[in-house]
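K.L.:
Shown below is the structure under consideration.
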Amino acid sequence: MSCAVLAHEAREFAKAQSYLDHLIALNAVNPKAVVLRSELAMREGNVALAKRLLLNQIKLVPDSSELQEAYAAALYLTGEYDQAVKSLLFAEKLVGSNGRIKYHLGLIEEAKGNEQVAMAYYKS
């Protein structure tokens, strides 16, 4: 995982992907590796891969707020706003209210055209 993170920070994304793919193959339960791998997939525009990786991991670790938030990001990118909100609200139940989740809820409401609701999330 350290090699993957260092490669990611060095913007060597192909190398980071390779490390993460090997790590996930070795250990099926690894939320942090899957979150980072899904971020790389989304960066490449492969949201379908990101969603698949995240859903598989959520089945194994349903109480990971990190996985729920990353899944919400993938859903947001595909316009599945209602499901993204559900994932974020579940993540919020797991970790409590925080600014990052409120911000993402605001982004979704803004994308849906609900500026007043978005502003309320941004202010909270």
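K.L.:
Listed here are the pairs Lys15/Lys51; Lys15/Lys112; Lys51/Lys123; which of them are more than 27 Å apart at the Cα?
P.N.:
Lys15/Lys112; Lys51/Lys123
K.L.:
Next question. Using r as the Cβ-Cβ distance of Glu44 and Lys93, and R0 as 25 Å, what FRET efficiency do you calculate, to the nearest 0.05?
P.N.:
Efficiency, rounded to the nearest 0.05: 0.20.
K.L.:
Write down the accessible area per residue of the range 64-124 in Å², having rolled a 1.4 Å probe over the full set of protein chains.
P.N.:
Counting only protein heavy atoms, the per-residue value for the range 64-124 is 54 Å².
K.L.:
Taking 8 Å as the Cα distance limit and 6 or more residues as the minimum spacing, I'd like the relative contact order of the chain as a percentage.
P.N.:
15 percent
K.L.:
Let me ask you something else. Taking all protein chains in place and a 1.4 Å probe, what share, in percent, of the accessible surface of the chain do carbon and sulfur account for?
P.N.:
Roughly 55 percent of what the probe reaches on the chain is carbon or sulfur.
K.L.:
Viscosity 0.890 mPa s, temperature 25 °C: what is the translational diffusion coefficient of the chain from Stokes-Einstein with a Kirkwood Rh over Cα pairs, rounded to a whole number of µm²/s?
P.N.:
Diffusion coefficient, whole number: 164 µm²/s.
K.L.:
Per residue Cα convex hull volume for the range 1-48, in cubic angstrom?
P.N.:
Output value, Cα hull per residue: 65 Å³.
The values are calculated or read from the model by the stated rules, or taken from the named source; none is laboratory data. What you see is a predicted model; the values in this text were computed from it and never measured. With ideal geometry, Cβ positions are generated from the backbone for all residues, glycine too; neighbour counts draw on all protein chains shown. Surface areas here come from the heavy atoms of the whole protein model, side chains and all, with no ligands, DNA or RNA. Shrake-Rupley method; radii C 1.70, N 1.55, O 1.52, S 1.80 Å.
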